[in-house]
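Enquirer: If you scroll down you'll find the structure; I have some questions about it.
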There are 2 protein chains.
Amino acid sequence: MILRLFNTPPRSPVVIDPVIPSEPMTSTSIPSPDQSLHITKRRLLDVGLATLLERGYNATGIQDLLVATSVPKGSFYHHFVSKEDFALHVVDRYLAEVHALLDQALGDTDRAPLERVRSFFERLMALYASQGYLGSLIGLLGQELAAVNTAFRRRMEGAFDGIARRLAEPLEEARRRGDLPAEADPLQAANLMLDCWEGAAARSRLLRSAAPLEAAIEVSFRTVLA
Amino acid sequence: MILRLFNTPPRSPVVIDPVIPSEPMTSTSIPSPDQSLHITKRRLLDVGLATLLERGYNATGIQDLLVATSVPKGSFYHHFVSKEDFALHVVDRYLAEVHALLDQALGDTDRAPLERVRSFFERLMALYASQGYLGSLIGLLGQELAAVNTAFRRRMEGAFDGIARRLAEPLEEARRRGDLPAEADPLQAANLMLDCWEGAAARSRLLRSAAPLEAAIEVSFRTVLA
């Protein structure tokens, strides 16, 4: 059932259709009428996502990013106030991708609510596969910056909370229709699934393999939601 | 049951009895007959653990560490070849602490095997509490360095594998005596528990709270092992 998913090409956050402008949710700059600026910004965000996912925050150098993208320094600082601002824009872009997967999976109301939740994690696994099993950007940056940057820590916790709240909706629907026990706490169950998923994503980053993710999906649906 | 644990003072890896010499498992230097060198090395490892756990690898500066410990640079490089070598010694020290908790918890054969496993996670939670809920050093450094340092990635994966194998022993005992289903796979179950735990540890680092860890213990014992 998991392998079936890989027959559909996973959406990659790195390959973006160049004709569709995309604005990060927290953009503080006014969208420029100059399309080339959009392309530059998108290029920085795309390469930034790949680099942050591979190296983490502290080991990512803006200078390397400028060389890799052939973008001049002034242009970078036209779009982003600082490295932290840049990283937060990359996180927004990544989160938008995750929420698009939530839209696709949870919006498929032809399927039973628990199947929609499972579909979300399978789609997320396909995203990780397309990135070479480097784990979760939110988990990765949250861990690295949690203790030294309170703004980042709250932002990452807010990201997890937002995903858990969306997952709690179909879990609540499942509870109401008797697919989960009446006494189940949908939000708590969603948080537990997400924490198990993040641990599995971290292990998958160590092993460069889908196995921990597959096991997390199986155990969530065989046991956590039993 | 979880709160009860906190009535016993948690062992802290930062407060070490100064009369007991402690050698990291991978020490490449011959133990010095000069006890003061041991003290210096231990001091560097103790402060290094606290610093790495707070900041991660890349944001930890050797210079800051030397200032914090009042240790001269030459003395640091007498004990450690490089920052990476130093971090690996800190990891060894941390892992020795985790394995000591495993010894205590799993060695208590008066308790049923599943209770011994639960006791290990409760002890680990007490350790995290004593550190201010900064999560798991192995998880943290593994994530940060997984993609850029193959030696580190394998070392961290080896650490998880070693812990999972030890947890699989009481799980196998539980399976044999009928506390787990006959078809249960003890090593797979141990890895799943550990992955969920690591995800909960990461979330606990974001929230600075025991709640995700408590939930992970509850769900492991109510469901994963059901």
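The values are calculated or read from the model by the stated rules, or taken from the named source; none is laboratory data. In this text, all values refer to a predicted model and were calculated from it rather than measured experimentally. Note: ideal-geometry Cβ built from the backbone for every residue, glycine included; neighbour counts use all protein chains shown. These accessible areas exclude ligands, DNA and RNA; they are computed on the full protein's heavy atoms, side chains included. Shrake-Rupley method; radii C 1.70, N 1.55, O 1.52, S 1.80 Å.
Enquirer: Quick one: A:Ala174 ticks every box in (1) open to solvent by less than 10 Å² (accessible area, probe 1.4 Å); (2) under 20 Å from B:Pro212 (Cβ atoms); (3) in contact (Cβ under 8 Å) with a residue 60 or more places away in the chain bar one, so which box is it?
Expert: Among (1) open to solvent by less than 10 Å² (accessible area, probe 1.4 Å); (2) under 20 Å from B:Pro212 (Cβ atoms); (3) in contact (Cβ under 8 Å) with a residue 60 or more places away in the chain, the lone unmet condition for A:Ala174 is (2).
Enquirer: Quick one: what pairs do we get from the range B:53-81, first residue of a type in the set (S, T, N, Q), second part of a helix (DSSP H, G or I) and surrounded by 13 or more Cβ atoms within 10 Å (Cβ to Cβ), C-beta under 6 Å, 6+ apart or different chains?
Expert: B:Thr60/B:Thr51; B:Thr60/B:Leu52; B:Thr69/B:Arg43; B:Thr69/B:Leu44; B:Thr69/B:Val47; B:Ser75/B:Thr40
Enquirer: Would you confirm whether or not the range A:168-179 contains a residue that is farther than 13 Å from A:Val117 by Cβ, facing chain B (nearest Cβ under 9 Å), in a helix (DSSP H, G or I) and charged (D, E, K, R)?
Expert: There is no residue in the range A:168-179 that is farther than 13 Å from A:Val117 by Cβ, facing chain B (nearest Cβ under 9 Å), in a helix (DSSP H, G or I) and charged (D, E, K, R).
Enquirer: Restricting attention to the range B:146-167, which residues are assigned to a loop (DSSP other than H, G, I, E, B) and either more than 10 Å from every other protein chain (Cβ to nearest Cβ) or in contact (Cβ under 8 Å) with a residue 12 or more places away in the chain (or both)?
Expert: Answer for the range B:146-167, where residues must be assigned to a loop (DSSP other than H, G, I, E, B) and either more than 10 Å from every other protein chain (Cβ to nearest Cβ) or in contact (Cβ under 8 Å) with a residue 12 or more places away in the chain (or both): just B:Asn149.
Enquirer: Okay, moving on. Among the residues of the range A:82-121, which ones are in contact (Cβ under 8 Å) with a residue 40 or more places away in the chain and in contact with a Lys or Arg (Cβ under 6 Å, 6 or more places away or on another chain)?
Expert: Selection gives A:Leu101, A:Leu102, A:Leu106.
Enquirer: Let me ask another. Find the residue count for the range B:189-226, including only residues that are part of a helix (DSSP H, G or I), within 7 Å of chain A (Cβ to nearest Cβ) and open to solvent by 60 Å² or more (accessible area, probe 1.4 Å).
Expert: Number of matching residues: 1.
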